[in-house]
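Input: a single structure, listed below in structure tokens.
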Amino acid sequence: MIDAHGHLEDQAFDQDRHEILANLKADGVDYFFNCGSNLEASQMAVDFSEKYDNVYAIVGIHPLDADEFSQEALEKIQAMTKKEKVVAIGEIGLDNHYDDSPSPEDQEKAFRAQLDLAVDLDLPVVIHTREADQKTFDILKAYKEKYQNFSALLHCYSGSVELMREYMKLGFYISLGGVTTFKNAKKPKEVAVDVPLDRLLLETDCPYLTPEPFRGKRNQPKYVAYTAEKIADLRGMDLEDLVKATDANTLRFYRLTND
Ligand code: NI
């Protein structure tokens, strides 16, 4: 099974991240994609990818870290993409949830600059969007219309089924995590059932959004199995068939295979 998105660089793993990284395979996680959110986290993701065979890195500046964004930061991100196992730019996007966030203008500037970088380098992008569904969609749609090869993953997708279908028309992917196991999560469950099987990825977003039965505790890559079980159950599918599909989708989205 693959965890398509998580953050083992997070301080929640200061005590045991290398133990977790070294044990991924033994824990049933064949590949792990460590996603950056600022320069330091991105560099740590690159370091993990160099040290561990089955770990890949995604580098970029999160909208809530947009204050860190500058031309110099962009050049540092670009330099990191030269490393062999950096497979995407992310997580990038827009986040209007907090009152003290970087301004919408600063967020959009950082977002667009990193989208341009991804286009220049022909890399896929991993998108974080919160309370900015329409704006994010409009921006990504415009990129897709301009650049045929442009590819995006909406990570921890939390939008509506209708919006998900619009993203599918653009050829994009979504990933779902622990929220799909929460009792009160109606929309993510609808999305999990409705999304085409060849466009769905599974993730933990660890250390956040821990699936049931561990909700409230620290998340980690191996818990992706609980999300997989839940989604297979919701879709009325065999777990094995679901995982086969989501694993293949992950490797295809990150351009590690041709299928
Ligand atoms: Ni994340």
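Mind listing which GluC sites (Glu not before Pro) in the range 64-115 are in a DSSP loop and have 16 or fewer other Cβ atoms within 10 Å?
Values: sites: 68, 72, 75, 84, 91, 105, 108; in loops: 84.
Sites meeting the loop and neighbour criteria: 84.
Using the eigenvalues of the Cα gyration tensor, what equivalent ellipsoid semi-axes result for the range 61-188 when each is taken as the square root of five times the eigenvalue, whole Å, largest first? List each step's numbers first, then the result.
On the way: eigenvalues 111, 64, 40 Å².
Gyration-tensor ellipsoid for the range 61-188: 24, 18, 14 Å.
Heavy-atom accessible area per residue, the range 1-160, 1.4 Å probe: how many Å²? Before the final figure, lay out the partial values.
Working: 7120 Å² over 160 residues.
Spelled out: the 1.4 Å probe surface of the range 1-160, per residue, equals 45 Å².
If you take the square roots of the eigenvalues of the alpha-carbon gyration tensor of the range 62-114 and sort them as a ≥ b ≥ c, do you get rounded (a/c under 1.5), prolate (a/b over b/c) or oblate?
Values: a/c = 2.85, a/b = 1.99, b/c = 1.43.
Prolate.
Amide H neighbours of residue 152 under 5 Å, counting only residues 5+ apart in sequence or on other chains, H built in-plane at 1.01 Å?
125, 173
Under 20 °C and 1.002 mPa s, how fast does the chain diffuse according to Stokes-Einstein, given a Kirkwood radius computed over C-alpha pairs? Answer in µm²/s, whole number.
119
Going down the list 141/230; 76/169; 183/222; 51/76; 186/217; 51/230, which pairs span over 24 Å between their C-alpha atoms?
Numbers: 141/230 31 Å; 76/169 33 Å; 183/222 21 Å; 51/76 20 Å; 186/217 22 Å; 51/230 32 Å.
Flagged as over cut-off: 141/230; 76/169; 51/230.
Report, as a whole number in µm² per second, the diffusion coefficient that Stokes-Einstein gives for the range 1-79 at 37 °C and 0.692 mPa s using the Kirkwood radius over alpha carbon pairs.
Working: Rh = 12.9 Å.
The diffusion coefficient I find is 254 µm²/s.
Provide the FRET efficiency to the nearest 0.05 for the residue 166-residue 23 pair, computing r from the beta carbons and using R0 = 41 Å.
Values: r = 39 Å, r/R0 = 0.96.
With a Förster radius of 41 Å, E is 0.55.
Could you tell me which of rounded, prolate or oblate describes the range 1-41, using a ≥ b ≥ c as the square roots of the eigenvalues of the alpha-carbon gyration tensor, with rounded for a/c under 1.5 and, failing that, prolate when a/b is larger than b/c and oblate otherwise? Provide the component values of the computation, followed by the final result.
Working: a/c = 3.09, a/b = 1.36, b/c = 2.26.
The shape class here is oblate.
The values are calculated or read from the model by the stated rules, or taken from the named source; none is laboratory data. Quantities reported herein were computed from a predicted structural model and do not represent experimental measurements. So basically every Cβ, Gly included, is an ideal-geometry build from the backbone, and we count neighbours across all protein chains shown. Ligands, DNA and RNA are stripped out before the accessible areas are found, and what is left, the full protein with its side chains, is counted by its heavy atoms. Shrake-Rupley method; radii C 1.70, N 1.55, O 1.52, S 1.80 Å.
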